[in-house]
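Written out below as structure tokens is the structure these notes cover.
Just so it is clear, none of the values below were taken in a lab; they were calculated from the coordinates. These figures come from a predicted structure and were not determined experimentally. When we count neighbours, we look across all protein chains shown, and the Cβ atoms used for this are built from the backbone with ideal geometry, even at glycine.
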Amino acid sequence: MWEAIKHRETGQIRSNSFANRFKSRRILSLQLSNRKDFVSPHRGSVNSLQVDLTEGRYLLSGASDGSAAVFDVQRATEYEASGLIAKHKCIFTVDKQHENGHKYAITSAIWYPIDTGLFVTGSYDHYVKVWDTNTSQAVVDFKMPGKVYRTAMSSLAMSHTLIAAGTEDVQVRLCDIASGAFSHTLSGHRDGVMSVEWSTSSEWILYTGGCDGAIRFWDIRRAGCFRVLDQSLTQLGVRPPILKQKAVSIKNFLVQVSAAKSSLGGQNRLKTLQSKNTGSQIVKGSSSAKASVEKSRQKRLHPGMLSTLDRATAHYGVVTGLKATNNGMYLLSAGSDSRIRLWDIESGRNTLLNFETGRIQTNKAIQLDTSDDPALVFVPCMKTVKACDMWSGRATLMLRGHFESVNSCCFNSSDQELYTSGADRQILVWSPGGSVEGEMMQDEVAEDKDNWSD
């Protein structure tokens, strides 16, 4: 540790690389915290967790008993064991006894992206409600045609305040907080929509995963989805566009060289060249005709229409979870086939990474989360949580602590802590093992030792 600080002070290591190295060391040492404990007020399975995007301080939870609670992650309510264990009780809770509370299970609870003054809940009682945090009152509610599985808001939105709601109905509805009405209805899925996720690179792009096994990309400024992911389309054998341009330029160069050589021949050579050129023109004409036919076919085979492309599936079963990476380049999906897939968003192709996950819940939506450095994805796998490397799929961490199935994972990047919840009604904290002082002491002891020490 001291050596790394010395390299940073002398300029041998950049400050951002030093911080990333320190964060990655902390994340890879995650273990069940024995110094922080959340006192859960929920009497049912905790289905959703989210830390606010502005301060990274307040944790929002929603449970199957129809209650939602807010916790202060940084300031403890009380201490036990001579101040060694920090107890975090909820600041406030909204349950069935509330005059505007949900009647049935809350499946999704999310913060308003801009500040902590509002939060949104979705429930099996067919309602999506927007709550005022200061007054604990519902300010807007939306009546849905069926059970609400998942809700999402864009963290980049500057020109709209839309809530994407996935329900047991085949249509995805966008609820406008400003007007209190539905602004869009996205049709395309053939079964209920269990997971929704906004793009992290554009405020207009929405990803949805349905019970029909399909993942669809939507641009809310136009009608119909513009892409349906197909698990059989992979990146194998796909030449990057730069290499394609190089290949075309080399081919044109070779054609010019051959034409220059042929011009040195006689008249017979010229005649043969003319006949070849006429033949090549015919071939070019036929190829251009084929290209126009293919273009017309591509126009007809719009993903929003009935076609073979529209029936493509990303998973064999229900798409239970979606998570876009922070750089907006990749999309992670989980399915009832117990598979985690990594998709290239630009090409829409499957990267064919084999994640070492295991069994995944099949009857309800799960919540994935990621960390940037190192690039890990946290996956609820029944009673355990696995942290898999995003580029190799290898499981680097296996966190055991829940007594029943885990439903959601929420990573707090500011504190390098992981929060998980499950059917055992508990919210567990996974914090980095050891401390900075302990690492420095270990380094000092290692430096004091020599080859002759006992």
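Here are some notes:
- Available extension along the chain between K89 and R35 is 18.0 nm, counting 0.36 nm per residue and deducting the alpha carbon span.
- Förster-model FRET efficiency, 30 Å R0, R221 and I114, C-beta, rounded to 0.05: 0.90
- Peptides 347-357, 72-82 ordered by packing proxy, namely the average of other Cβ atoms within 10 Å per residue, highest first: 347-357, 72-82.
- Using θ = phi - 60° and Karplus 6.51 cos²θ - 1.76 cosθ + 1.60, couplings along the stretch 100-109 (whole Hz; Gly, Pro as x): 10, x, 6, 7, 10, 4, 8, 9, 8, 9
- The distance between label points at R21 and V139 comes to 4.7 nm (points 7 Å beyond Cα on the Cα→Cβ vector).
- Length added when fully stretched, D373-N326, from 0.36 nm per residue minus Cα-Cα: 15.8 nm
- Across the stretch 416-423, rounded Karplus estimates of 3J(HN,Hα) from the backbone phi angles (6.51 cos²θ - 1.76 cosθ + 1.60, θ = phi - 60°) give 6, 10, 10, 10, 10, 9, x, 6 Hz, Gly and Pro being marked x.
- Compared with the direct C-alpha span, the chain from E356 to S82 gains 94.5 nm at full extension, assuming 0.36 nm per residue.
- Modelled spin-label separation between R400 and D72, with each label point placed 7 Å from Cα along the Cα-to-Cβ direction: 3.7 nm.
- Neighbourhood net charge (15 Å Cβ-Cβ; Lys/Arg +1, Asp/Glu -1) for A334: +3
- Near-label residues of the stretch 209-226 by backbone N, under 19 Å of a point 7 Å along Cα→Cβ of R311: 210-216, 225
- Each residue of the stretch 19-33 was assigned a 3J(HN,Hα) from its phi angle through the Karplus expression (A = 6.51, B = -1.76, C = 1.60, θ = phi - 60°), giving 5, 5, 5, 5, 5, 5, 5, 5, 5, 6, 10, 5, 8, 4, 6 Hz with x at Gly and Pro.
- Where labels lie 7 Å past Cα in the beta-carbon direction, separation of S202 and M382 in nm: 4.1
- Working value for the stretch 57-211: equivalent-ellipsoid semi-axes of 29, 17, 15 Å, each the square root of 5 times a Cα gyration tensor eigenvalue, largest first.
- Sum of side-chain charges, A63 neighbourhood, beta-carbon under 10 Å (Lys, Arg +1; Asp, Glu -1): 0
- For the stretch 173-238, the spherically averaged projection of the C-alpha convex hull amounts to 5.7 nm².
- Pairs exceeding a 31 Å alpha-carbon distance, out of K89/K386; K23/K103; K36/K386; K87/K147; K143/K364: K23/K103; K87/K147.
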